[in-house]
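Presented below is the structure to which this report refers.
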Amino acid sequence: MTELIENKNDDEVSKSEAPLMEHLIELRQRLIYSCLAIAVLFVICFFVANPIFNILLGPFERAVGNIEDVELIFTAPQEFFFTQLKVALFAAIFLAFPVIASQVYMFVAPGLYKNERSAFLPYLVATPILFIIGASLVYFGVMPLAMRFFLSLEQTGAGQASIQMMTRVSDYLDLTMTLLLAFGFCFQLPVVLTLLARAELIGSSNLRAWRKYAIVAILTLAAFLTPPEPMTQIGLAVPVFLLYELSIFAVQFVERSRKKREEAADSGTS
């Protein structure tokens with residue numbers, strides 16, 4: 001009798017291990033496809049790293065007023081080469097996002113019902129759109145303001161020491177990429193909160209009750225992610241707080257949709 005029970009338990013364990021191995025193999029395949037897409041785009045972007053870097057110089061140009069007046073330096077022989085590698089990797093990940101998102105969807109979709117798949121697709125569309133909006137705010141608004149502030153600290157004139165901003169290419173790229181990624185990821189707040197609402201982990205009442213704590217958290221995050229310059233910090237904090245308020249309405253919409261489905265299900269069973 002005990003042998004039969006042990007054999008039955010062994011069969012259950014082996015059955016549970018089989019789906020797990022299938023999921024791990026599927027996950028590995030999706031990761032390989034995503035890494036291959038990034039690798040191929042990295043090689044392509046490396047050969048056009050200079051034009052991409054020149055595009056990233058747009059905020060500096062708008063702050064100075066003329067691209068010919070923009071001067072950057074590198075202080076080590078290998079510095080600009082590694083900067084080009086960073087530019088290529090940054091551009092490759094950005095361009096590979098559709099491939100990465102599609103691989104994530106193909107990995108998750110088999111475990112979702114048909115209506116859940118249709119509900120998941122808008123988030124895949126909204127994620128890159130919100131990221132581009134956040135990055136555009138940096139490129140066209142926040143970064144030029146920050147560079148104007150830094151340039152205003154220069155000192156020239158008779159009877160005074162000349163103090164000029166000599167920006168290293170690596171420092172400028174690090175600052176630009178940090179702000180682009182910070183704004184891009186912070187603009188995912190509505191997506192994250194509505195997903196949590198769909199999972200019934202939070203509600204609109206929770207978001208209203210947490211509003212004062214959210215303000216403190218947003219200001220702290222803005223101070224941590226941006227340079228110690230008030231315009232840049234405000235430029236991140238204000239849009240993120242507006243997105244938090246927008247998320248409350250999005251969560252309310254999710255709650256109303258869930259309530260309608262539950263009422264329809266109750267009326268169908270009665």
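The values are calculated or read from the model by the stated rules, or taken from the named source; none is laboratory data. All figures in this text were calculated on a predicted structure; none of them were measured in a lab. Every residue, glycine among them, receives a Cβ derived from its backbone with ideal geometry; neighbour counts consider all protein chains shown.
Would you call I248 under 24 Å from P122 (Cα atoms), surrounded by 13 or more Cβ atoms within 10 Å (Cβ to Cβ), of a type in the set (V, I, T) and at pLDDT 85 or above? First the steps, then the outcome.
Values: under 24 Å from P122 (Cα atoms): yes; surrounded by 13 or more Cβ atoms within 10 Å (Cβ to Cβ): yes; of a type in the set (V, I, T): yes; at pLDDT 85 or above: yes.
So I248 passes the test.
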query: Yes or no: V142 out of contact with any Ser or Thr (no Cβ under 6 Å at 6 or more places or on another chain) and either modelled with pLDDT of 90 or more or hydrophobic (A, V, I, L, M, F, W, C) (or both)?
result: no
Given the conditions (1) modelled with pLDDT of 85 or more; (2) assigned to a helix (DSSP H, G or I), every one holds for M106 apart from (1)
In region 168-192, residues that are touching a Phe, Trp or Tyr at 6+ places or on another chain (Cβ under 8 Å) and either more than 20 Å from Q233 (Cβ to Cβ) or not small (G, A, S) (or both) total 12
Within region 131-185, of all residues that are touching a residue at least 60 places away in the same chain (Cβ under 8 Å) and among the hydroxyl-bearing types (S, T, Y), the one surrounded by the most Cβ atoms within 10 Å (Cβ to Cβ) is T176
Residues of region 181-224 being under 21 Å from Y139 (Cα atoms) and either within 14 Å of the chain's Cα centre (by Cα) or of a type in the set (S, T, Y) (or both), in sequence order, are L181, A182, F183, G184, F185, C186, F187, Q188, L189
Going through (1) in contact (Cβ under 8 Å) with a residue 60 or more places away in the chain; (2) more than 28 Å from L57 (Cα to Cα) one by one, S267 fails only at (1)
With the first residue restricted to region 235-255 and required to be farther than 18 Å from L196 by Cβ, and the second required to be surrounded by 21 or more Cβ atoms within 10 Å (Cβ to Cβ) and of a type outside the set (A, V, I, L, M, F, W, C), Cβ contacts under 6 Å at 6 or more apart or on different chains are L236/T226
Within region 197-220, the count of residues that are of a type in the set (S, T, N, Q) and touching an Asp or Glu at 6+ places or on another chain (Cβ under 8 Å) comes to 1
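Quick check on R198: is it at pLDDT below 85 and not hydrophobic (A, V, I, L, M, F, W, C)?
Considered against the rule, which asks whether it is at pLDDT below 85 and not hydrophobic (A, V, I, L, M, F, W, C), R198 comes out as yes.
Considering only residues of region 55-96 that are aromatic (F, W, Y) and surrounded by fewer than 17 Cβ atoms within 10 Å (Cβ to Cβ), which is farthest from P128 (Cα to Cα)? Walk me through it before giving the result.
Taking region 55-96 as the starting set, the residues that turn out to be aromatic (F, W, Y) are 60, 74, 80-82, 90, 94.
Next, from what is left, pick out any that are surrounded by fewer than 17 Cβ atoms within 10 Å (Cβ to Cβ): 74, 81-82.
Numbers: F74: 33, F81: 29, F82: 27 Å.
It comes out as F74.
Residues checked against (1) at pLDDT 90 or above; (2) under 17 Å from T167 (Cβ atoms); (3) touching a strand residue (DSSP E or B) at 6+ places or on another chain (Cβ under 9 Å); (4) polar (S, T, N, Q):
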site	(1), (2), (3), (4)
P51	yes, no, no, no
L56	yes, yes, no, no
E68	no, yes, no, no
E79	yes, yes, yes, no
V87	yes, yes, no, no
